[in-house]
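> Below you'll find the structure I mean.
The values are calculated or read from the model by the stated rules, or taken from the named source; none is laboratory data. Computed from a prediction, not measured in an experiment: that's the story for all the values here. Methodologically, a virtual Cβ is constructed for each residue, glycine included, from the backbone with ideal geometry; neighbour enumeration extends over all protein chains shown. Please note that ligands, DNA and RNA were not included when accessible areas were found on the heavy atoms of the full protein model with its side chains. Shrake-Rupley method; radii C 1.70, N 1.55, O 1.52, S 1.80 Å.
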Amino acid sequence: MPVRVALLTEGGYPYVQGEVAGWCDRLLRGLHSHEFEVYALSRSRRQEQAGRVPLPGNVVGVREAGLWDASGRGTEAAAMPYGRRVRRWFRAEFGALADAVCRPVVELREGAGQSGRAAPVEDRFSRALHGLAALAAEHGGLSAALRSEDALHALESACRRAGAPRVVQSAQVPDLLAVAARLERALRPLSLDWYGACGTAGLAAADLVHAVGAGPAVLPGLLAKRNLGTPLLLTEYGVRLREHFLHGAGDPGVLAVAGARAPVRAVLAAFQQLLVREAYRTADLITPGNAHTRRWQERCGAPAERLRTVHPGMDASPYAELGEAADVRPGQAVLTWVGRLAPAKDVVTLLHALVRVRERVPGARLRIVADHGSDAGYAAHCRAVAAGLFPDEAPGASGEGRNPVSFEGALPGPGCRAARLASRADAFAGEGPVVLSSVVEGFPVPLVEAMFCARATVATDVGAVCEVVGGTGLVVPPRNPAALADACASLLLDPQRRARLGAAARARALELFTVEQNVEAFRGIYLELISRRSGGPPRARAARPFAVTAETHLCAYGEEGQGNAPPQVPTWARGGRAASPVPVGTVRAARRGGGRG
């Protein structure tokens, strides 16, 4: 019987957006012997209207819910009114959660997750979170209650309580309304009808829950782990808490704080921090995409013994022909930059570095290939800088002048997979170095693509760049045009060195960063986590491979046992009646017909 995996996503798969969605699609297609049910949280109406990627045949279902609208669409009885008793229950649970969120940050003791002993504030947050989930399951959705005056009063009391940070104590009514609205959307997964019962539907029928990211998408996994005993696997290719602090002003997520006042930012940051820590200490295994992400996770409280680095897999086949055909062609003094034009990519520093490069290599040129989703304002700024730094050049008195910096059109979006892969492969065609000049970076996808194409690389020391490049490329400090120019010029002037580095880079990429190694790693992780599980609904347990130990097959009367010798029939298999264990020797004697008495 195939293993059923529940895949939890937020703003990614199966919608047409981003590298994480592409990674999920490659994983599902690679694990074609497993069944997947996708539970997707969308971030915007535009994302839903853009459509889905074509789903592989092993996806048995897709359940969706929106975190962007105010109606609570997708929740069970989102507007159900509560009676007096249930309102008291809600005030107690939400008040405890608000109190935990508004506690001073110093209560989140450093290293609490690593020692296995949670800080008191984390315990209060966890109890309140599961208390709200129990209320939602028994009395309908939470959306109406989280937008009620009871919720506002609870937030106000928590903010005014002694010991709260001064910035939180300064919250006004508009701030409380903004916090309540964002918390309602972040907690919306607690009210969804995704959980099922008795192992027959929803998350109750899953053998494993795989959450992509530690945001609101992980909440159903936390409930399945606590209530059903389902193993929880958490994969992060970018640390959610780090992204919240670095990109909160422009993050499209449900906890976006663009234009918000300081009290709103402080409360939402504390909520995100507590949610991430709860996810880290609950997950059976956490798989960061690189060592840089792993270090951040450890800093945010993830237990080191439950971290296992799994590099994201990329399809190397579109780049195979370019990599095999790479040769040495002296005189090709062209630098290539490929990516999404945005301030974090710091292309302006690369343009200033090109001025220094051309002092040593007069004919050097720069190709800038813009990826889908580039910032139009920043792209226009880069064009203006290039026009100011480099006048048009003509090869002769009768030739037409052109700028040594060329801006090529945007690559196709993620929805056009075949055209996109072909265009990206063409973008890396050539022989000169590929440059990455970022000041903020996670996993550098353009560098890996260049390595597949056997291109030598020059990159800034940010994110996972050193881990990806290893010893096969040149790495320089960020925001340093002199160092960037020296590295680029040295490779342009030494074609033999470029060829050696390119060949080594291709070999490294094919060994570490292919789809095949990623899929095989998760195949083993899935079986490992499922083999650890014990208990659960009778129907699901009977059909789950590796769910019980081999010793249980010695149990009497054909019943399943549990644990080590002497085996014992589990309570749920006896219909809840107490029974004493049967010694193994007695069972064997009875089967031989020589039992005593």
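> I'm trying to understand the selection: among the residues of the range 344-364, which are aliphatic (A, V, I, L, M) and part of a helix (DSSP H, G or I)?
Across the range 344-364, the qualifying residues are ALA344, VAL347, VAL348, LEU350, LEU351, ALA353, LEU354, VAL355, VAL357.
> What do you reckon, is GLY57 out of contact with any helix residue (DSSP H, G or I) (no Cβ under 8 Å at 6 or more places or on another chain) and open to solvent by 60 Å² or more (accessible area, probe 1.4 Å)?
Considered against the rule, which asks whether it is out of contact with any helix residue (DSSP H, G or I) (no Cβ under 8 Å at 6 or more places or on another chain) and open to solvent by 60 Å² or more (accessible area, probe 1.4 Å), GLY57 comes out as yes.
> Among the residues in the range 407-425, are any open to solvent by 40 Å² or more (accessible area, probe 1.4 Å), modelled with pLDDT under 95 and assigned to a strand (DSSP E or B)?
Yes: the range 407-425 contains one or more residues that are open to solvent by 40 Å² or more (accessible area, probe 1.4 Å), modelled with pLDDT under 95 and assigned to a strand (DSSP E or B).
> To continue, here is another question. What number of residues within the range 490-520 are assigned to a loop (DSSP other than H, G, I, E, B), of a type outside the set (D, E, K, R) and open to solvent by 30 Å² or more (accessible area, probe 1.4 Å)?
Of the residues in the range 490-520, the ones assigned to a loop (DSSP other than H, G, I, E, B) are 493-494, 513.
Remaining after also requiring of a type outside the set (D, E, K, R): 493, 513.
Subsequent filtering for residues that are open to solvent by 30 Å² or more (accessible area, probe 1.4 Å) retains 493.
Looking only at that region, the number is 1.
> Same structure, new question: It is to be established whether one or more residues within the range 328-338 are free of Cβ contacts under 8 Å to residues at least 60 places away in the same chain and either of a type in the set (Val, Ile, Thr) or part of a helix (DSSP H, G or I) (or both).
no
> Let me ask something else about it. Of all residues being in contact with a helix residue (DSSP H, G or I) (Cβ under 6 Å, 6 or more places away or on another chain) and open to solvent by 20 Å² or more (accessible area, probe 1.4 Å) in the range 278-297, which is modelled with the lowest pLDDT? Just the residue, please.
From the range 278-297, those in contact with a helix residue (DSSP H, G or I) (Cβ under 6 Å, 6 or more places away or on another chain) are 278-282, 284-286, 288, 290-291, 296; that's our starting set.
With open to solvent by 20 Å² or more (accessible area, probe 1.4 Å) added as a condition, the list becomes 281-282, 284, 291, 296.
Working: ARG281: 93, THR282: 95, ASP284: 96, ALA291: 90, TRP296: 87.
Once the filter is applied, the top-ranked residue is TRP296.
> Could you grab me the full set of residues in the range 208-244 that are at pLDDT 85 or above, in contact with an Asp or Glu (Cβ under 9 Å, 6 or more places away or on another chain) and open to solvent by 10 Å² or more (accessible area, probe 1.4 Å)?
Correct list: VAL212, GLY213, LYS225.
> Separate question: Mind listing whichever residues of the range 157-173 are assigned to a helix (DSSP H, G or I) and either crowded, with 19+ Cβ neighbours inside 10 Å or polar (S, T, N, Q) (or both)?
SER157, ALA158, CYS159, VAL168, GLN169 - these are the residues of the range 157-173 that are assigned to a helix (DSSP H, G or I) and either crowded, with 19+ Cβ neighbours inside 10 Å or polar (S, T, N, Q) (or both).
> Taking the condition surrounded by fewer than 17 Cβ atoms within 10 Å (Cβ to Cβ) and at pLDDT 90 or above, does VAL5 pass?
On the way: surrounded by fewer than 17 Cβ atoms within 10 Å (Cβ to Cβ): no; at pLDDT 90 or above: yes.
Criteria not met by VAL5.
> Something else now. Looking at the range 207-227, is at least one residue on the phi > 0 side of the Ramachandran plot and free of Cβ contacts under 8 Å to residues at least 60 places away in the same chain?
First, pick out the residues of the range 207-227 that are on the phi > 0 side of the Ramachandran plot: 213.
Subset that is free of Cβ contacts under 8 Å to residues at least 60 places away in the same chain: none.
No, the range 207-227 has no match at all.
> Next question. Among the residues of the range 174-197, are any at pLDDT 90 or above, over 24 Å from ALA279 (Cα atoms), surrounded by fewer than 21 Cβ atoms within 10 Å (Cβ to Cβ) and charged (D, E, K, R)?
Scanning the range 174-197, I find no residue that is at pLDDT 90 or above, over 24 Å from ALA279 (Cα atoms), surrounded by fewer than 21 Cβ atoms within 10 Å (Cβ to Cβ) and charged (D, E, K, R), so the answer is no.
> All but one of (1) surrounded by fewer than 16 Cβ atoms within 10 Å (Cβ to Cβ); (2) modelled with pLDDT of 90 or more; (3) in a loop (DSSP other than H, G, I, E, B) hold for GLU305; which doesn't?
Result: GLU305 passes all but (3).
> Here's something else I'd like to know. Keeping to the range 460-489, report how many residues are part of a strand (DSSP E or B) and at positive phi. Quick ask: steps written out before the conclusion?
Taking the range 460-489 as the starting set, the residues that turn out to be part of a strand (DSSP E or B) are 460, 474-476.
Subset that is at positive phi: none.
Of the residues in the range 460-489, 0 are part of a strand (DSSP E or B) and at positive phi.
> Return the residue satisfying two criteria in turn: it lies in the range 451-473 and is out of contact with any His (no Cβ under 9 Å at 6 or more places or on another chain), of a type in the set (Gly, Ala, Ser) and farther than 21 Å from VAL357 by Cα, and of such residues it is surrounded by the most Cβ atoms within 10 Å (Cβ to Cβ).
ALA454
> Right, another one. Does the range 61-83 contain at least one residue that is in contact with a Lys or Arg (Cβ under 8 Å, 6 or more places away or on another chain), farther than 30 Å from HIS139 by Cβ and either part of a loop (DSSP other than H, G, I, E, B) or at pLDDT 90 or above (or both)?
Taking every residue of the range 61-83 in turn, none turns out to be in contact with a Lys or Arg (Cβ under 8 Å, 6 or more places away or on another chain), farther than 30 Å from HIS139 by Cβ and either part of a loop (DSSP other than H, G, I, E, B) or at pLDDT 90 or above (or both).
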